[in-house]
Every structure is written in C-alpha cells, then in structure tokens.
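Worksheet: one structure, shown below.
The values are calculated or read from the model by the stated rules, or taken from the named source; none is laboratory data. As the structure is a prediction and not an experimental result, all values here were calculated from the model. Ideal geometry is used to build each Cβ from the backbone, glycine not excepted, and the neighbour counts take in all protein chains shown. Please note that ligands, DNA and RNA were not included when accessible areas were found on the heavy atoms of the full protein model with its side chains. Shrake-Rupley method; radii C 1.70, N 1.55, O 1.52, S 1.80 Å.
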Amino acid sequence: MTTEKPQRPDIARELIARATESAAHRATRVRNQLDGVQLGRGRHTDYANTRFLRRVLGEYEWPGHRLVGPAAARATWSIALHSDHDLVFQRAATILLGRAVEAGDALVHHWAHLHDRTLINTGQDQEYGTQLLLSADGIELCPLRAPESVDARRSTVGLPPLAIALKAVRRRYTPDHSADKTPTVVLAGAA
C-alpha cells in the first residue's frame with residue numbers, strides 16, 4: 001500500500017462523495033426511518049453509483065490505493081458491495097479487487113467481504129462469515145460453508161474470529177432497536 005498522494009484525486013473525491021451519501025441513506029434505512037419515495041431514491045443512488053463505478057473499472061480496473069488513496073479505495077469497495085442489483089458487475093468487481101489485492105494495491109479483507117456478498121447474492125454459502133442479516137429476530141449469519149473452519153479462513157484475510165466479530169456487531173446494532181420495529185437488512189462490512 002502507499003501513503004503517497006493519489007494519482008486521481010478527482011475520481012477519489014467523487015467516489016468518497018457517492019459512498020458517503022449511500023452510507024447515510026443505509027443508516028437511515030437500518031433505523032427504519034424511510035418512506036417508499038426515500039427507499040426508491042436510495043435504490044436510484046445505488047444504481048447511479050454502480051454505473052459510475054462501472055466506467056471507472058472499465059478505464060482503470062480497480063481504483064486502489066495508488067490511484068485514489070485509501071479512503072476512496074474503501075469507498076470503491078463500499079459501492080461495489082452495495083451493487084446487489086447487478087450481480088454480473090459485482091462478480092467482475094470481485095475479480096478486479098482480487099487482482100488489486102495481489103498487486104498490493106487493496107486490502108484483502110475488503111476482497112473477503114465482497115467475495116462473500118457475491119456468493120450470498122448468487123445463492124451460495126459465504127466463505128468468511130462477513131455477511132449478516134438484521135431482522136426482527138436479531139442479527140443472523142447468512143449461510144456459511146464449513147463453519148468449523150471459518151476462523152482459520154478469516155485469519156488468512158485479516159479478520160478476527162467470528163465470535164468476536166458477531167459480538168461487536170450485535171453490540172453496535174441491537175441496543176436501540178426493538179424487535180417489532182427492526183427491518184430485515186443485510187449488514188455489509190459489519191463482520
């Protein structure tokens with residue numbers, strides 16, 4: 001990774017702005033404070049973000065730390081992670097992020113989250129236990145392949161043991177939610 005000035009600060013600013021707006025919308029959605037029109041606007045934002053990121057990926061492949069800096073690289077990951085409406089794009093982004101990780105230009109735990117999200121979105125069991133559901137029944141782990149070895153897999157991508165991650169997520173999301181008011185939402189980047 002690098003701490004040098006990003007090569008494309010213009011793209012970095014755009015990625016950060018888009019991801020910040022989307023994150024604010026998702027936080028409101030988790031708190032169940034949106035009406036139908038606002039939910040539609042949020043979906044439109046995700047679609048527009050995906051279109052923008054598709055153009056960036058087409059020109060630069062994965063915009064990693066060297067191109068856009070660490071904050072914008074995280075924003076890129078967040079946008080790809082929330083491109084659930086376009087599974088072909090999400091799979092392609094996972095491949096490009098994997099290449100950036102191999103080149104030392106992106107974080108492997110970002111790849112693990114995106115890889116898990118893509119698996120869940122295509123009806124497969126996740127590998128690293130990063131994808132959770134927040135529902136009226138509490139925080140639930142999405143289906144997981146070989147749960148007995150998940151902590152070994154998590155350690156290879158710099159993630160803490162699953163029990164520790166789940167405890168932190170439950171502490172973060174459940175104290176101020178009542179069971180009858182909590183919407184079902186996929187918690188990305190939480191575990």
Among SER135, VAL150, TRP111 - extreme Cα towards positive end, dipole of the stretch 97-153, charges at beta-carbon: TRP111
Relative contact order (%) - criterion: Cα under 8 Å, at least six apart; region: the stretch 37-157: 17 percent
Heavy atoms of THR45 accessible to a 1.4 Å probe, total area in Å² rounded to 10: 20 Å²
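Keeping every protein chain in place, order GLU14, GLU102, GLU21 by accessible area at 1.4 Å, biggest value first, i.e. largest first. Present the calculation step by step, with values, prior to reporting the outcome.
Working: GLU14 70, GLU102 160, GLU21 110 Å².
Sorted by accessible area, descending: GLU102, GLU21, GLU14.
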Accessible-area order (highest first, 1.4 angstrom probe) of the listed residues TRP111, TRP62: TRP111, TRP62
Separation of the ALA24 and ALA71 label points, Cα + 7 Å toward Cβ, nm: 1.5 nm
Simple Cβ-charge dipole of the stretch 40-135, Lys/Arg +1 and Asp/Glu -1, about Cα centre, in debye nearest 20: 360 debye
Ratio Rg/Rh, restricted to the stretch 74-139 and using Cα atoms, in which Rh is the Kirkwood radius: 0.99
Accessible area of VAL88 in the full protein assembly, 1.4 Å probe (Å², nearest 10): 100 Å²
Point-to-point label distance, ARG51-SER149, nm (Cα→Cβ direction, 7 Å offset): 4.4 nm
LEU96, LEU132, LEU141, ranked by accessible area, largest first (probe 1.4 Å): LEU141, LEU96, LEU132
Accessible surface, per residue, of the stretch 32-174 when the full set of protein chains is kept, probe 1.4 Å, Å²: 47 Å²
